[in-house]
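Student: This is the structure I have questions about; it appears just below.
The values are calculated or read from the model by the stated rules, or taken from the named source; none is laboratory data. What you see is a predicted model, and the numbers here were worked out from it, not measured in a lab. Neighbour counts are summed over all protein chains in view; Cβ atoms, including those assigned to glycine, are modelled from backbone coordinates with ideal geometry. Heavy atoms of the whole protein, side chains included, go into the accessibility calculation; ligands, DNA and RNA do not. Shrake-Rupley method; radii C 1.70, N 1.55, O 1.52, S 1.80 Å.
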Amino acid sequence: MLQFCASQQINDRPFAFKATGIRVYSFEEVLYHVYHYWRESVEELLSDRMIAWVLELGHSYLAARMKELARKEPFTQRVLDFLRLTEYFSKDELTALQASLEAWEMRREWEKLRERGDYFVNRGEPGKAISLYKRALQYEENATLLNNLSVAYMQTGAPKDALSCLIKALRLSPRNFKILLHCIEAAILSGSFDDAVRLLKKAHNSNPSHADISFLTGLMFWEKKDYSAALEYFGKAIEADPGLPYYTYKIVDVHLAMRQYEKALNALESLTNRDVSYYTKASEIYAASGDIPGAIKSMRKAIDASRDKTPDAVLYAKLAGYYRQDYDPRRAEENIQKALSIDPEHDMVRLENARIKKGLGRTREYQSVLTDVLKSFKERYRAN
């Protein structure tokens, strides 16, 4: 059955959902997004920013109704009434969604916040997850939340904060071996080597054959810049669990630190699974050795290997960066635009966009993009 759009005019000013990076141009597209990504749309569903955008489209009636819905409880009814603002979805479609909404609403608030935090960590934006995990901890302090917060801290380069969380998590869940391993890693990366040694002994007593014990011992030597010992223990980790590529990637990192580029490539080529991570790591080796064309070739293979998955903005941003280093501004701009079309809010994408603008001599655009990025960093820091 044909349906008329709420707006009969072409709109060239999109609304960008921050959580997913998806841009929409009509009210119907907003409804479609909320229906399929309702968890990610929670914060923006009836926000002032969205209402203002709907007003810009000329839908004053819809904007007024949205303001009314923003005051409604409970959550399930608010979402369903929003999706009923036009006759875009059938009764059966909304009934099917209602069950999922009600089940989610019955969960405790901390679980909802944790789920949203996990979403950002999995997207490679841990900075956005930290405030969500902290809000969740205000409802309930448990080992799972503290562990997930520590992962976000580790990914943002804050191992001391991660260690503090993990010590609390271990007190709450002293037999959790996974948390113990995370605690050892955080202790190593924060330079607390005495604590790391003590915890490694505890882990060894609990599970002496676990490959991560050798790996973490190697990581400690890596942090101490004892590269020979690091290689030895990373090798032992591979012997204990040859199916985990991450151990091999750390051996590659050691060879890169020693500027042994051929050995780094040889170590990498021992892996049989040539996936996105493999080609991404290969591009790092080529870039470190000064072979930027080789890095470009490998990064393009990484993108090709990810075709069957959700497009990755970071891969395109990295490729754009290599083209920038290869003094090919046209291809750099082309690929950063692809990255922005996928995820315009991603920090790495925005920073690479700023670098490319600077390289092109577009100083005003560079300063504008950089100012926006730094502003969002400051706002997020204050929120955390």
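Student: Taking the criterion of being open to solvent by less than 40 Å² (accessible area, probe 1.4 Å), modelled with pLDDT of 75 or more and within 27 Å of residue 300 (Cα to Cα), would at least one residue in segment 356-375 satisfy it?
Tutor: Yes, the conditions are met somewhere in segment 356-375.
Student: In this structure, is residue 184 open to solvent by 30 Å² or more (accessible area, probe 1.4 Å), closer than 21 Å to residue 148 by Cβ, of a type in the set (A, V, I, L, M, F, W, C) and part of a helix (DSSP H, G or I)?
Tutor: For residue 184, the condition - open to solvent by 30 Å² or more (accessible area, probe 1.4 Å), closer than 21 Å to residue 148 by Cβ, of a type in the set (A, V, I, L, M, F, W, C) and part of a helix (DSSP H, G or I) - is not met.
Student: Ok, one more. For residue 114, indicate whether it is closer than 23 Å to residue 138 by Cβ and in a helix (DSSP H, G or I). Step through it out loud before you land on a result.
Tutor: Details: closer than 23 Å to residue 138 by Cβ: yes; in a helix (DSSP H, G or I): yes.
Answer is yes for this residue.
Student: I need the full set of residues from segment 47-87 which are modelled with pLDDT of 90 or more and among the aromatic types (Phe, Trp, Tyr), in order please.
Tutor: Of everything in segment 47-87, those that are modelled with pLDDT of 90 or more and among the aromatic types (Phe, Trp, Tyr) turn out to be 53, 61, 82.
Student: Still on this model: Please determine, by comparing only the residues of segment 102-111 that are part of a helix (DSSP H, G or I) and either among the polar types (S, T, N, Q) or without any contact (Cβ under 8 Å) to a residue 60 or more places away in the chain (or both), which one is surrounded by the most Cβ atoms within 10 Å (Cβ to Cβ).
Tutor: 110
Student: Within segment 233-344, which helices (runs of 4 or more DSSP H) (wholly inside it) include 3 or more residues that are touching a Phe, Trp or Tyr at 6+ places or on another chain (Cβ under 6 Å) and either crowded, with 20+ Cβ neighbours inside 10 Å or modelled with pLDDT of 95 or more (or both)?
Tutor: In segment 233-344, 245-257, 292-305, 329-342 are the helices (runs of 4 or more DSSP H) which contain 3 or more residues that are touching a Phe, Trp or Tyr at 6+ places or on another chain (Cβ under 6 Å) and either crowded, with 20+ Cβ neighbours inside 10 Å or modelled with pLDDT of 95 or more (or both).
Student: Run down 93, 115, 56, 28 and say which single residue is in contact (Cβ under 8 Å) with a residue 24 or more places away in the chain and closer than 29 Å to residue 152 by Cβ. It would help to see each step written out before you state the result.
Tutor: Values: 93 fails: closer than 29 Å to residue 152 by Cβ; 56 fails: closer than 29 Å to residue 152 by Cβ; 28 fails: closer than 29 Å to residue 152 by Cβ.
Sole residue among the options that is in contact (Cβ under 8 Å) with a residue 24 or more places away in the chain and closer than 29 Å to residue 152 by Cβ: 115.
Student: Something else now. So, residue 133, is that one in a helix (DSSP H, G or I), hydroxyl-bearing (Ser, Thr, Tyr) and closer than 21 Å to residue 32 by Cα or not?
Tutor: No: the conditions fail for residue 133.
Student: Return only the number of the condition from (1) buried (at least 18 other Cβ atoms within 10 Å of the Cβ); (2) at pLDDT 90 or above that residue 44 does not satisfy.
Tutor: Of the numbered conditions (1) buried (at least 18 other Cβ atoms within 10 Å of the Cβ); (2) at pLDDT 90 or above, the odd one out for residue 44 is (2).
Student: Would you call residue 170 free of Cβ contacts under 8 Å to residues at least 40 places away in the same chain and within 22 Å of residue 217 (Cβ to Cβ)?
Tutor: yes
Student: Run down 20, 76, 86 and say which single residue is in contact with an Asp or Glu (Cβ under 9 Å, 6 or more places away or on another chain), under 25 Å from residue 337 (Cβ atoms) and among the hydroxyl-bearing types (Ser, Thr, Tyr).
Tutor: 20
Student: Picking from 271, 256, 265, which residue would you name as being in contact with a Ser or Thr (Cβ under 7 Å, 6 or more places away or on another chain) and either closer than 22 Å to residue 294 by Cα or among the hydroxyl-bearing types (Ser, Thr, Tyr) (or both)?
Tutor: Only one candidate passes the filter, namely 271.
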